[in-house]
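Contents: one structure, followed by commentary.
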């Protein structure tokens, strides 16, 4: 990890980081320090550190980012059912500060999804991934986005249970459209199995969404995208999800999927604890412009946008550090709220907030150093530096 914007000494698994603006749950520790011991945060404070260490020269020190919705990166995809590709995708996002990742899959025939889930489950068991997210196939054809409409289907308990069984407890979230036949039963099955039920790619009316939330759904998959817009007489999914305190809303803050004013409105309406930044990144994230695949669908990535041949957005090329910068610079969020949306809030949703998402003693030393422009200088995962983090992006 560079010692500051100009680089410098690197730290190992046990070290002290000093001279930083440390973002903690209680606020920012100016001229703060963090002790790392055996991969965990051993202590924090402001002012003079208890021992010499690596001087971060006024950089921001924030908890590692947690991405609930990521399809790939660095030219590689989680849908490939290839452990090597999954490892490279995780590495690409780690270099941008994402230290915890859910691997998202797109709609596919259930046997194919089961194969993909089994491969990823091994990587969850290994600790590389925090779990698997199924974005489909239980989605509405009218709001399919980049999903192949021919592969969509109404949820049924048998298919859902087969996929859960294939995951061996590693599926952590499933997105579905609540208006489809069998959706409420699926929500109850998922939540009863400890899986987050997320609502998205939906043409549902307001009352359909509220019924699904009453049944246990608690996440809005990329709010505003893949659903009808807010209307003053029929608020639809946006109104129902944004106004319900039981729901946490994903936002793709690449300034393409959402205008900054819409991000501000959502953040103000939901409050800082109910907003989660996600990338919805495909393999084109942290990779050059060119031709990629999302599932089996060809995608062109150009100028920070990923689109199908018909012009529809197909995920994003976003990384979490850029999402945090955009939320602060363009959408007016404080750095503490932006960091919470990228770390503490998603960690809480996953039930991992006793280990990750905060800078506090006893937590995993998953840390990101950002310079004064909020660019990544370095990343630690379990106290160990991530190769390539802070290099020219």
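The values are calculated or read from the model by the stated rules, or taken from the named source; none is laboratory data. This structure is a prediction, so every number in the text was calculated from the model and none was measured. Note: ideal-geometry Cβ built from the backbone for every residue, glycine included; neighbour counts use all protein chains shown.
Tell me which residues, restricted to segment 43-83, are more than 23 Å from the chain's Cα centre (by Cα), under 16 Å from residue 27 (Cα atoms) and part of a strand (DSSP E or B). Passing the criteria: 43, 44, 45, 46. Is it the case that some residue within segment 10-29 is out of contact with any strand residue (DSSP E or B) (no Cβ under 7 Å at 6 or more places or on another chain), without any contact (Cβ under 8 Å) to a residue 60 or more places away in the chain, over 30 Å from residue 104 (Cα atoms) and outside the structural domain of residue 295 (by TED's automatic domain parsing)? Yes, the conditions are met somewhere in segment 10-29. Restricting 267, 240 to residues that are under 23 Å from residue 350 (Cβ atoms), in contact (Cβ under 8 Å) with a residue 12 or more places away in the chain, assigned by TED's automatic domain parsing to the domain that holds residue 98 and outside any loop (DSSP other than H, G, I, E, B) narrows the list to 267.
Listed by position, the helices (runs of 4 or more DSSP H) enclosed by segment 313-383 that each have at least 2 residues that are closer than 24 Å to residue 201 by Cα and out of contact with any helix residue (DSSP H, G or I) (no Cβ under 7 Å at 6 or more places or on another chain) are 344-349. Hey, among the residues in segment 142-162 that are crowded, with 21+ Cβ neighbours inside 10 Å and touching a helix residue (DSSP H, G or I) at 6+ places or on another chain (Cβ under 7 Å), which one's farthest from residue 224 (Cα to Cα)? Checked segment 142-162; the qualifying residue farthest from residue 224 (Cα to Cα) is 160.
Scanning segment 147-197 for residues that are more than 26 Å from residue 316 (Cβ to Cβ) and in contact (Cβ under 8 Å) with a residue 60 or more places away in the chain returns no hits.
Taken together, 120, 129 contain a single residue that is crowded, with 24+ Cβ neighbours inside 10 Å, touching a helix residue (DSSP H, G or I) at 6+ places or on another chain (Cβ under 9 Å) and farther than 21 Å from residue 354 by Cα, which is 120.
Of the candidates 321, 268, the single residue that is more than 24 Å from residue 117 (Cβ to Cβ), at pLDDT 95 or above and buried (at least 24 other Cβ atoms within 10 Å of the Cβ) is 321.
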